[in-house]
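Chemist: Before we start, here is the structure in question, set down as structure tokens.
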Amino acid sequence: MWPCMKLRHLQELLQQIDGFDNPKVHLEQYITPPHLASHMLHTIQTHYGDIDGKLIADLGSGCGGLTLGLAALNAGLVIGFEVDQTAVEICHSNINDQAFSNIDIVQCDLTSNSFLSRWFKQFDTVIMNPPFGTKHNAGIDMDFLQKGFALSHNTIYSLHKTSTRAHVLKVAKSNCVKAEVLAQLRYDLPSSYKFHKKTSVDIEVDFFRFQILNNS
Amino acid sequence: MKLITHNMLTSKCMKGVTVGYPLKIQAVDVKTTEVDFNPEFISRLIPKVDWNVLCSAAESIGYLEDLPKEVTENYENNVDFLKKAHRVLLEIDIINGELICPETGRKFPINNGIPNMLLNEDEV
């Protein structure tokens with residue numbers, strides 16, 4: 001076990017973070033629920049020591065929930081990559097509210113290969129809660145994951161719909177990356193969009209840990 | 001935007017650009033923020049950095065101070081050097097300004113410390 005902030009404190013911190021006022025459907029902007037984000041981050045640090053003192057990328061950092069949680073757990077530096085202007089602005093105000101100095105945000109298009117440039121294999125850890133690719137953007141989850149594989153020289157943590165598990169495992173294998181499902185979670189998605197008929201909907205989600213193998 | 005981040009950014013993604021590195025910095029507003037010093041982390045960061053680019057970037061915004069022009073041998077055990085590297089890599093924050101592509105002169109705005117590297121469709 002690695003040293004870590006108390007889970008309860010981490011969750012309290014993440015509950016203070018502002019989310020999206022008007023989430024954009026085409027970008028699948030959902031925040032990672034604080035209880036889920038805090039459990040993920042707590043596991044990553046206590047079981048694997050992959051946060052404290054590490055260089056970390058958060059892909060599709062959104063309003064900064066995971067980014068701020070990583071900063072709170074003493075990441076050496078977290079760099080959040082995000083395409084959307086509104087998300088970037090909310091994230092900026094969240095960072096200011098919490099006064100973290102071990103964070104940088106870069107606004108860029110993660111689906112373009114070019115943003116990798118000099119970041120290739122530079123990160124110790126990559127974390128993401130990618131769009132699930134269910135809103136006319138099929139494959140974007142695997143695109144994010146491949147970017148994660150390219151950026152990290154060690155580990156990648158990600159969430160994927162349980163229904164896509166076999167595919168995720170196949171993609172990992174074909175990239176010579178070891179994949180492991182750490183937990184199967186219930187993602188309680190509040191109805192944030194007008195087309196949602198129920199007040200909330202549960203999706204089964206896999207919390208994945210990927211380990212880059214030396215020969216990849 | 002910290003100088004470690006600047007050290008990694010390029011404009012290579014643009015149509016017609018071959019290297020796109022290093023991006024010039026036009027800083028309007030720069031501040032320094034204290035970041036916890038972790039010598040082990042800085043030691044692992046240094047080999048990733050293009051040191052000449054770091055020195056020129058710091059110099060261009062007036063924050064070079066006493067940063068050595070070259071990476072010292074056995075820097076892992078040189079706390080004085082690691083502290084200087086720490087300051088320049090992590091504590092200098094460009095709040096507002098522009099990054100400029102060295103080949104095309106295309107400007108990427110930096111607002112609230114966040115560089116916007118997005119391109120228009122006709123630039124890709």
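The values are calculated or read from the model by the stated rules, or taken from the named source; none is laboratory data. Small disclaimer: the values here were computed from a predicted structure and weren't measured. When we count neighbours, we look across all protein chains shown, and the Cβ atoms used for this are built from the backbone with ideal geometry, even at glycine. SASA here: full protein model, heavy atoms, side chains in, ligands and nucleic acids out. Shrake-Rupley method; radii C 1.70, N 1.55, O 1.52, S 1.80 Å.
Chemist: Within region B:103-118, does at least one residue satisfy the condition of being charged (D, E, K, R), touching a Pro at 6+ places or on another chain (Cβ under 7 Å), in contact (Cβ under 8 Å) with a residue 12 or more places away in the chain and open to solvent by 50 Å² or more (accessible area, probe 1.4 Å)? Give the derivation first.
Modeler: At the first step, the residues of region B:103-118 found to be charged (D, E, K, R) are B:103, B:106-107.
Next, from what is left, pick out any that are touching a Pro at 6+ places or on another chain (Cβ under 7 Å): none.
Scanning region B:103-118, I find no residue that is charged (D, E, K, R), touching a Pro at 6+ places or on another chain (Cβ under 7 Å), in contact (Cβ under 8 Å) with a residue 12 or more places away in the chain and open to solvent by 50 Å² or more (accessible area, probe 1.4 Å), so the answer is no.
Chemist: Give the residue that is most open to solvent (accessible area, probe 1.4 Å), with candidates limited to residues of region A:101-147 that are in a helix (DSSP H, G or I) and away from every other protein chain (no Cβ under 13 Å). Show your work before the answer.
Modeler: Let us first name the residues in region A:101-147 that are in a helix (DSSP H, G or I), namely A:113-115, A:117-119, A:140-147.
Next cut, away from every other protein chain (no Cβ under 13 Å) only: A:140-147.
Working: A:ILE140: 33, A:ASP141: 15, A:MET142: 18, A:ASP143: 46, A:PHE144: 18, A:LEU145: 0, A:GLN146: 78, A:LYS147: 8 Å².
Here the answer is A:GLN146.
Chemist: Got a sec? Which helices (runs of 4 or more DSSP H) wholly within region B:1-74 have at least 2 residues that are touching a strand residue (DSSP E or B) at 6+ places or on another chain (Cβ under 7 Å) and either more than 18 Å from A:ILE79 (Cα to Cα) or of a type outside the set (Gly, Ala, Ser) (or both)?
Modeler: B:3-8, B:51-60
Chemist: Now for a different question. Answer yes or no: is there a residue in region B:56-78 that is within 11 Å of chain A (Cβ to nearest Cβ) and within 14 Å of the chain's Cα centre (by Cα). Outline the logic, then answer.
Modeler: Residues of region B:56-78 that are within 11 Å of chain A (Cβ to nearest Cβ), as a first pass: none.
No.
This table checks each residue for (1) in a helix (DSSP H, G or I); (2) surrounded by fewer than 24 Cβ atoms within 10 Å (Cβ to Cβ); (3) more than 14 Å from chain B (Cβ to nearest Cβ); (4) modelled with pLDDT under 95.
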{"position": "A:PHE20", "(1), (2), (3), (4)": "no, yes, yes, yes"}
{"position": "A:GLN29", "(1), (2), (3), (4)": "no, yes, yes, yes"}
{"position": "A:HIS35", "(1), (2), (3), (4)": "yes, yes, yes, yes"}
{"position": "A:ILE44", "(1), (2), (3), (4)": "yes, no, yes, no"}
{"position": "A:HIS47", "(1), (2), (3), (4)": "yes, yes, yes, no"}
{"position": "A:CYS63", "(1), (2), (3), (4)": "no, no, no, yes"}
{"position": "A:GLY69", "(1), (2), (3), (4)": "yes, no, yes, no"}
{"position": "A:ILE79", "(1), (2), (3), (4)": "no, no, no, no"}
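Chemist: May I ask you to verify whether A:GLN85 is at the interface with chain B (Cβ under 9 Å from one of its Cβ atoms) and open to solvent by 30 Å² or more (accessible area, probe 1.4 Å)? Please lay out each step first, then the result.
Modeler: Working: at the interface with chain B (Cβ under 9 Å from one of its Cβ atoms): yes; open to solvent by 30 Å² or more (accessible area, probe 1.4 Å): yes.
Spelling it out, A:GLN85 is indeed at the interface with chain B (Cβ under 9 Å from one of its Cβ atoms) and open to solvent by 30 Å² or more (accessible area, probe 1.4 Å).
Chemist: If I filter region A:1-10 for residues that are in a loop (DSSP other than H, G, I, E, B) and surrounded by 22 or more Cβ atoms within 10 Å (Cβ to Cβ), do I get at least one hit?
Modeler: Step one: filter region A:1-10 for residues in a loop (DSSP other than H, G, I, E, B), giving A:1-6.
If we keep only those that are surrounded by 22 or more Cβ atoms within 10 Å (Cβ to Cβ) too, we end up with none.
Within region A:1-10, not a single residue is in a loop (DSSP other than H, G, I, E, B) and surrounded by 22 or more Cβ atoms within 10 Å (Cβ to Cβ).
Chemist: Another one. If we keep just the residues of region B:80-102 that are over 19 Å from B:ILE61 (Cβ atoms) and of a type in the set (A, V, I, L, M, F, W, C), which is surrounded by the most Cβ atoms within 10 Å (Cβ to Cβ)? Please lay out each step first, then the result.
Modeler: Step one: of region B:80-102, the residues over 19 Å from B:ILE61 (Cβ atoms) are B:80-83.
Restricting the remaining residues to those that are of a type in the set (A, V, I, L, M, F, W, C) gives B:81-82.
Details: B:PHE81: 20, B:LEU82: 22.
Here the answer is B:LEU82.
Chemist: Condition first: touching a Leu at 6+ places or on another chain (Cβ under 9 Å) and at pLDDT 75 or above. Now tell me which residues in region A:189-216 satisfy that. Step through it out loud before you land on a result.
Modeler: Here is the first cut: in region A:189-216, the residues touching a Leu at 6+ places or on another chain (Cβ under 9 Å) are A:196, A:200-210.
Residues satisfying the conditions are A:ASP202, A:ILE203, A:GLU204, A:VAL205, A:ASP206, A:PHE207, A:PHE208, A:ARG209, A:PHE210.
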